Amino acid sequence: MILAGDIGGTNTRLAYFTEEDGVVVWKLHAKYASKGHSSLEAIVSDFISKYKVPIDHAAFGIAGVVIDGIVHATNLPWVVSSESLSKLLHPAQVHLLNDLEANTWGLFTLREKDYFRLNDIDENSQGNIALISAGTGLGEAGAIWINGSPQAIASEGGHADFAPRDDTQDSLLVYLRKQYGHVSWERVLSGNGLYNIYSFLRDTKYGDEPDWLTKELSEQDRGAVITQNALSNKSIACSEALEIFCEIYGSEAGNLALKLTAKGGVFLGGGIAPKIASRLKTSKFLQEFTDKGRLKSYLERIPVKVVLNDNAALLGACKYAANSAGLNKEIRIP
């Protein structure tokens, strides 16, 4: 009935949903290596050939700007077209969404156990919400309420100018500007962003890098290496890099909350936040989140949660397709 897709630079995940007893139910799921395929159409073709399920509606969340039904994928050499997918899936209705827009729709399907709370504030059930997701890149989105129903809003806010808040971050900006020219929030709030912060500390404060860390950074995902060595307190430089990362995360999350008047809550998605949720809670994240001058008391009343369910984008794509088809029903989560 509904085919949902979450298209990332590393993996493309597809899920199939059917309607049973008035509820939309997750039935099957498949994961593909994105870079091992020439296009999204090739992956979808494999899926429908293998599972032979009837598809009436489809929606795909993909990192990039959707313009007139076309997305130039941010982290893949793909141009994804709703027209091309519609021909492949005819007569199904096909929709393309920004990946964070899909994730935002997914928030309306999750349960309390799918979150880790960073504060103990009760949300306004029909207040605007904000989603900020650091992972391979930095995604930002939100949702507003129109006539009692939520409407997700896509954004490319992760590419807006990074705004340092203290002397250390001022120096970080100068350091990164020499490399990139324009320094966006994504340059400091992402897996590569965490490495950028670490490199800044190594080159300006700590000096030589130990051989074992050089080896790990060259052989493994750099952001993951820094996170692991910070959480285990094995490296002072990694620990300080992660603390600065948490502070910057809190600052930009607070900025997004103000821009969207997110009384319904601020949600941290992406692959990094769940791995460092406890550190976020003990770091200066919340202090930086609320430290906005005259609006501090306003931000102190906004709930902040880490999204633990990594199926949010798939569930959101399904919800968008279901809503577009007039199937405003509960979506049962796996």
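The values are calculated or read from the model by the stated rules, or taken from the named source; none is laboratory data. Predicted, not measured: the structure shown is a model, and the values here were computed from it. Neighbour counts are summed over all protein chains in view; Cβ atoms, including those assigned to glycine, are modelled from backbone coordinates with ideal geometry. Each accessible area value is taken on the protein alone, full model and side chains, heavy atoms only, with ligands, DNA and RNA left out. Shrake-Rupley method; radii C 1.70, N 1.55, O 1.52, S 1.80 Å.
A few points about this structure:
- Remark: the stretch 40-80 projects, on average over all directions, an area of 3.4 nm² (convex hull of Cα atoms).
- Separation of the stretch 72-88 and the stretch 262-283, taken as the distance between their Cα centroids, equals 31 angstrom.
- Centre separation in Å (Cα based) which lies between the stretch 1-62 and the stretch 311-334: 13 Å
- q = 0.10 Å⁻¹: log10 I(q)/I(0) that the Debye formula gives for the stretch 112-241, counting C-alpha atoms only: -0.44
- Sorted peptide list for 219-226, 1-8, criterion being average Cβ within 10 angstrom, highest first: 1-8, 219-226
- D by Stokes-Einstein for the stretch 70-152, Kirkwood Rh over Cα pairs, 37 °C, 0.692 mPa s: 214 µm²/s.
- Compactness of the stretch 169-264, taken as the C-alpha radius of gyration over 2.2 N^0.38 Å, stands at 1.15.
- Pairwise centroid distance, computed over Cα atoms, of the stretch 228-252 with the stretch 116-164, Å: 23 Å
- Shown is the FRET efficiency for Glu20 and Leu295, computed with R0 = 51 Å from the Cβ-Cβ distance and rounded to the nearest 0.05: 0.65.
- DSSP bridge pairs, the chain: antiparallel proportion in percent, nearest 5: 60 percent
- Here Ser86 and Asp221 are evaluated by their C-beta separation; at R0 = 25 Å the FRET efficiency comes out at 0.10.
- Among 322-330, 57-65, 310-318, sorting by the average number of other beta carbon atoms lying within 10 angstrom of each residue, highest first, gives 310-318, 57-65, 322-330.
- Between the helical axis of 191-201 and the longest alpha-carbon principal axis of the chain there is an angle of about 10 degrees.
- Computed extension gain for Arg111 through Arg177, at 0.36 nm per residue and net of the alpha carbon distance, reaches 19.6 nm.
- Both radii are taken from the alpha-carbon atoms of the stretch 151-201; with Rh as the Kirkwood radius, Rg/Rh is 1.04.
- By accessible area with a 1.4 Å probe, ligands and nucleic acids excluded, highest first: order of Thr104, Thr18, Thr214, Thr204: Thr204, Thr214, Thr18, Thr104
- Partners for Lys296 among lysines (Cα-Cα distance below 17 Å; same-chain residues under 8 apart left out): Lys259, Lys263, Lys284
- Pairs of Cα atoms in the stretch 1-138 fall into 5 Å distance bins, from 0 up to the last occupied one, in shares of 2, 8, 18, 22, 18, 14, 10, 5, 2, 0 percent.
- Equivalent ellipsoid dimensions for the stretch 184-334 as semi-axes, Å, which come from the Cα gyration tensor, largest first: 33, 21, 12
- Diagonalising the gyration tensor over the Cα atoms of the chain and scaling each eigenvalue by 5 before taking the square root yields semi-axes of 35, 24, 17 Å, largest first.
- Proximal charge balance of Leu176 [Cβ under 13 Å; K/R count +1, D/E count -1]: -1
- Proximal aspartates and glutamates relative to Lys281, as straight alpha-carbon distance under 19 Å, when same-chain residues fewer than 8 apart are discounted: Glu112, Asp114, Asp120, Asp122, Glu123, Glu240, Glu243, Glu247, Glu252, Asp291, Glu300
- Straight-line reach from Lys31: taking Cα to Cα under 20 Å and skipping same-chain neighbours fewer than 8 places apart, the lysines in range are Lys50, Lys52, Lys319.
- Counted charge near Lys27, where neighbours are those whose Cβ lies closer than 12 Å (Asp, Glu -1; Lys, Arg +1): -1
- Charge sum, other residues only, whose C-beta stays under 10 Å from Ala4's C-beta, Lys/Arg counted +1 and Asp/Glu -1: +1
- Take the Cα of Asp208, go 7 Å toward its beta carbon, and the backbone nitrogen atoms of the stretch 231-259 under 17 Å from that spot belong to 236-237.
- For the stretch 16-124, share of DSSP beta bridges that run antiparallel, in % to the nearest 5: 60 percent
- For the stretch 1-59, the orientation-averaged shadow of the C-alpha convex hull comes to 3.9 nm² (one quarter of the hull surface).
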